[in-house]
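Engineer: Pasting a structure below so you can have a look.
The values are calculated or read from the model by the stated rules, or taken from the named source; none is laboratory data. All values derive from a computational prediction rather than experimental measurement. Because the Cβ atoms are built from the backbone with ideal geometry, glycine has one as well, and the counts that use them run over all protein chains shown.
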Amino acid sequence: MATTVTPTTDRMPAARAFVAVLALALALVAGSAPRMPGDGGEYVAMALNFASFDGPSISRREMSRLEQRVAAFEPVLAEWSIERSTVSGRDLRRDFLHFWFYPLLAAPGVVITEALNVSPVYAFSALNCALLGLALWIAWPRIGAAASLLLFAGPIIWWIDKPHTEVFTFSLLTIAFATLTDRPWWALVAAGAAATQNPPITVLAPALAVGALLIDRQFLKDRRFIIGAAAGFALALLHPAYTYFRHGTPSLLLRATRPGLPDFAEMSAVAIDPQIGLLPSFPALGLVILAALVLVLRRRPRALAAPDMLLAGIVALFFLYSFARTTNIHHGATPGFSRYGLWLVPLAVPLLIRASALGQQAWTRFVFTTAAISAVICLFAYHPRFDQNVREPSWLAGYLWTSHPSWNNPLPEIFIETSLRREEQWMPVAARGCQKLLVGGDSWPMPCLPGETPPWCRSPTSPCYANRGEAGYSFAPVPGRPAPITFNPHAAWPTESLPAVRRVLTEWEWWTLEPRVDGTALMRAAHDVRAHIFEGPRHVVFVLIAPGRNAMLTLRPWSAMSGELVDATTGTSISRLTYDGPGNEAWSVSLPQGYTNLLLRLDLPPGEAR
């Protein structure tokens with residue numbers, strides 16, 4: 001019989017922690033306006049439908065009422081269509097792609113919010129607080145106070161007031177792995193409930209059952225285990241059974257998956273990508289996991305082969321594979337990193353249980369210090385009041401793409417949507433400052449210097465990254481399976497202008513120029529034209545996109561300056577510009593009509609060249 005890990009029996013610390021976390025959760029909810037980001041409108045509509053005793057599917061006569069109720073509390077969804085977001089069943093009633101179990105749990109609270117005529121989001125906030133509190137109550141005696149602070153005061157706090165399943169999944173997975181060795185019946189129920197919203201978790205219930213029996217075969221003689229297994233399996237089968245009966249498929253979410261075998265970049269993105277990865281956004285977790293691995297290896301290495309430890313590792317790989325198959329790896333309803341990454345956090349619980357049991361005061365002090373620093377950072381970085389995708393690009397992705405662009409070549413979806421700040425898949429596109437570009441064929445993004453693409457990147461269907469170096473671009477293939485990317489001619493230099501732009505910007509020492517993404521003291525205003533500014537040791541260069549009929553620049557030179565205005569299509573000089581007035585006086589430069597794009601170089605006086 002395998003050795004089980006027994007939790008401490010003192011519930012008073014857990015009770016105090018529950019009260020403290022509840023108070024913090026209420027404060028966070030109170031400090032954030034109710035919102036429905038991402039798929040939140042769907043969950044709210046389903047809960048409203050249940051509250052009117054007309055669920056789980058939605059009838060046509062209810063669509064208009066539900067749309068109006070959702071829009072009344074979330075004006076952004078005023079044009080949202082339930083019909084376009086649902087699939088018709090055999091009885092012509094419609095189902096959302098996401099399942100209805102989580103909204104069903106929120107429905108009693110929605111009945112109350114409807115009676116009070118307040119946002120139904122508060123009902124979901126109350127449910128999230130209850131789930132998170134229950135998970136903490138169970139995890140605290142097993143992983144200890146320090147590790148509990150790390151997990152429950154981490155990025156999960158951003159989702160606490162959102163009508164989204166992140167807290168639901170995080171809490172149930174935490175309960176499942178925390179109770180597997182000593183209360184496996186609750187682990188099975190929790191895993192089955194988590195599977196209702198996320199089909200990949202369906203495999204967890206039978207896997208946990210096998211793991212529990214490997215830990216102790218005597219569980220098979222325990223009636224509680226049999227009941228828990230039956231309940232967990234029934235919950236896990238609820239989603240596929242309902243959807244297959246109504247739509248002939250085990251899950252409508254299969255429509256949002258991609259065929260084919262993902263590569264390493266796709267499978268690892270949710271964990272380590274600098275923009276959407278969990279560990280770059282929650283480094284304290286990685287630090288504590290590494291320390292826990294070292295501790296267990298030194299003091300009880302065989303524990304790493306325990307069934308629950310191996311199961312957590314296998315489940316992590318399966319989750320990463322499932323994440324890689326989604327068609328929307330860079331999704332909304334998150335402050336920055338992928339919300340799928342939250343599934344991975346509870347998988348650390350078996351390791352933290354053993355580290356808590358083996359560790360001494362040094363371990364406790366280390367985890368407490370790390371967790372306390374992390375909690376303070378997360379409280380500011382992931383406060384629920386922030387909008388979704390507010391941290392894009394992340395500090396790490398922004399640093400890599402601008403300072404060391406060749407070090408990281410992300411999945412194209414991540415780079416495109418992060419750079420554009422919207423969910424559109426088109427190219428060419430460049431990171432701010434033109435240090436990292438996504439190009440293909442002869443499509444080069446304005447205002448960057450067009451390079452010479454290698455033969456394997458000449459096809460628009462096979463894009464590549466152009467990474468700026470000290471004297472040219474280095475090229476790298478994009479990772480992942482091929483995905484459709486639309487060519488946007490409005491973002492690219494016209495093909496006929498490529499030779500001229502390349503020649504002129506090279507003559508103007510492009511490789512010595514640095515972007516000024518926040519403007520410059522030299523330019524005070526640009527009217528009827530898009531102006532991009534680059535500064536070098538001897539020149540200031542303006543790339544002027546689509547000048548209109550009244551295009552004008554207002555400059556404020558600090559001394560006498562001269563320069564040249566060039567037609568970007570032909571490379572011919574249009575005029576010479578000279579300013580010899582007093583310093584810091586306004587200088588209005590009217591731009592000529594009839595040109596698609598213009599290039600302007602202003603030379604710094606010899607004594608002021610850097």
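Engineer: Among the residues of segment 189-229 satisfying the criterion of being of a type in the set (D, E, K, R) and part of a loop (DSSP other than H, G, I, E, B), which is nearest to residue 178 (Cα to Cα)?
Structural biologist: Applying the filter and picking the extreme gives 216.
Engineer: List every residue pair whose Cβ atoms sit under 7 Å apart, with the two residues 6 or more apart in sequence or on different chains, where the first one lies in segment 145-167 and is part of a loop (DSSP other than H, G, I, E, B) and the second, anywhere, is of a type in the set (Asp, Glu) and at pLDDT below 95.
Structural biologist: Pairs found: 164/39.
Engineer: When the residues of segment 244-273 are filtered to those that are over 28 Å from the mean Cα position of the chain (by Cα) and touching a residue at least 60 places away in the same chain (Cβ under 8 Å), which remaining residue is nearest to residue 396 (Cα to Cα)?
Structural biologist: Across segment 244-273, the extreme among qualifying residues is 247.
Engineer: Also, quick follow-up: Could you list all residues from segment 44-78 that are of a type outside the set (A, V, I, L, M), free of Cβ contacts under 8 Å to residues at least 12 places away in the same chain and closer than 20 Å to residue 164 by Cβ?
Structural biologist: Answer for segment 44-78, where residues must be of a type outside the set (A, V, I, L, M), free of Cβ contacts under 8 Å to residues at least 12 places away in the same chain and closer than 20 Å to residue 164 by Cβ: just 75.
Engineer: Then there's this: Of the residues 478, 501, which is within 29 Å of residue 557 (Cα to Cα) and surrounded by 13 or more Cβ atoms within 10 Å (Cβ to Cβ)?
Structural biologist: Of 478, 501, the one residue that is within 29 Å of residue 557 (Cα to Cα) and surrounded by 13 or more Cβ atoms within 10 Å (Cβ to Cβ) is 501.
Engineer: Related question: Which strands (runs of 3 or more DSSP E) sit wholly inside segment 502-582 and have at least 2 residues that are closer than 30 Å to residue 452 by Cβ?
Structural biologist: Of the strands (runs of 3 or more DSSP E) lying wholly inside segment 502-582, those with at least 2 residues that are closer than 30 Å to residue 452 by Cβ span 530-535, 539-545, 561-567, 573-579.
Engineer: In addition: Every residue in segment 400-437 that is touching a residue at least 60 places away in the same chain (Cβ under 8 Å) and of a type in the set (Ser, Thr, Tyr), please.
Structural biologist: 406, 418 - these are the residues of segment 400-437 that are touching a residue at least 60 places away in the same chain (Cβ under 8 Å) and of a type in the set (Ser, Thr, Tyr).
Engineer: I need the full set of residues from segment 342-367 which are aliphatic (A, V, I, L, M), surrounded by fewer than 18 Cβ atoms within 10 Å (Cβ to Cβ) and touching a helix residue (DSSP H, G or I) at 6+ places or on another chain (Cβ under 8 Å), in order please.
Structural biologist: Scanning segment 342-367 gives a single hit, 358.
Engineer: Go through segment 512-561 and report how many residues are within 17 Å of residue 591 (Cα to Cα) and aromatic (Phe, Trp, Tyr).
Structural biologist: Result for segment 512-561: 1.
Engineer: Across segment 368-393, which residue is surrounded by the most Cβ atoms within 10 Å (Cβ to Cβ) among those that are under 30 Å from residue 34 (Cβ atoms) and among the aromatic types (Phe, Trp, Tyr)?
Structural biologist: 382
Engineer: Only one of 81, 125 is in contact (Cβ under 8 Å) with a residue 12 or more places away in the chain, out of contact with any strand residue (DSSP E or B) (no Cβ under 8 Å at 6 or more places or on another chain) and closer than 22 Å to residue 384 by Cβ; which?
Structural biologist: Every option except 125 fails the conditions.
Engineer: Which residue out of 329, 373 is among the hydrophobic types (A, V, I, L, M, F, W, C) and touching a Phe, Trp or Tyr at 6+ places or on another chain (Cβ under 8 Å)?
Structural biologist: After applying the criteria, what remains is 329.
Engineer: So which of 420, 396 is surrounded by fewer than 21 Cβ atoms within 10 Å (Cβ to Cβ) and in contact with a strand residue (DSSP E or B) (Cβ under 8 Å, 6 or more places away or on another chain)?
Structural biologist: Just a single option satisfies the conditions, and that option is 420.
Engineer: How about segment 251-302: which of its residues are in a loop (DSSP other than H, G, I, E, B), out of contact with any Cys (no Cβ under 9 Å at 6 or more places or on another chain) and farther than 12 Å from residue 325 by Cα?
Structural biologist: Within segment 251-302, 251, 273, 274, 275, 276, 277, 300 qualify.
Engineer: Which of the following residues is within 17 Å of residue 132 (Cα to Cα) and in contact (Cβ under 8 Å) with a residue 40 or more places away in the chain: 191, 207?
Structural biologist: After applying the criteria, what remains is 191.
Engineer: Among the numbered criteria (1) under 23 Å from residue 30 (Cβ atoms); (2) part of a loop (DSSP other than H, G, I, E, B); (3) out of contact with any helix residue (DSSP H, G or I) (no Cβ under 7 Å at 6 or more places or on another chain), which one does residue 115 miss?
Structural biologist: Only one criterion in (1) under 23 Å from residue 30 (Cβ atoms); (2) part of a loop (DSSP other than H, G, I, E, B); (3) out of contact with any helix residue (DSSP H, G or I) (no Cβ under 7 Å at 6 or more places or on another chain) is unmet by residue 115, namely (2).
Engineer: Out of 550, 467, report the one residue that is of a type in the set (S, T, N, Q), assigned by TED's automatic domain parsing to the domain that holds residue 594 and out of contact with any Leu (no Cβ under 6 Å at 6 or more places or on another chain).
Structural biologist: Going through 550, 467 in turn, just one is of a type in the set (S, T, N, Q), assigned by TED's automatic domain parsing to the domain that holds residue 594 and out of contact with any Leu (no Cβ under 6 Å at 6 or more places or on another chain): 550.
Engineer: Within segment 33-70, count every residue that is within 18 Å of residue 117 (Cα to Cα) and among the charged types (D, E, K, R).
Structural biologist: Within segment 33-70, residues that are within 18 Å of residue 117 (Cα to Cα) and among the charged types (D, E, K, R) number 4.
Engineer: Looking only at residues that are closer than 20 Å to residue 122 by Cα and among the hydrophobic types (A, V, I, L, M, F, W, C) in segment 52-71, which one is surrounded by the fewest Cβ atoms within 10 Å (Cβ to Cβ)?
Structural biologist: Among those that are closer than 20 Å to residue 122 by Cα and among the hydrophobic types (A, V, I, L, M, F, W, C), it is 53.
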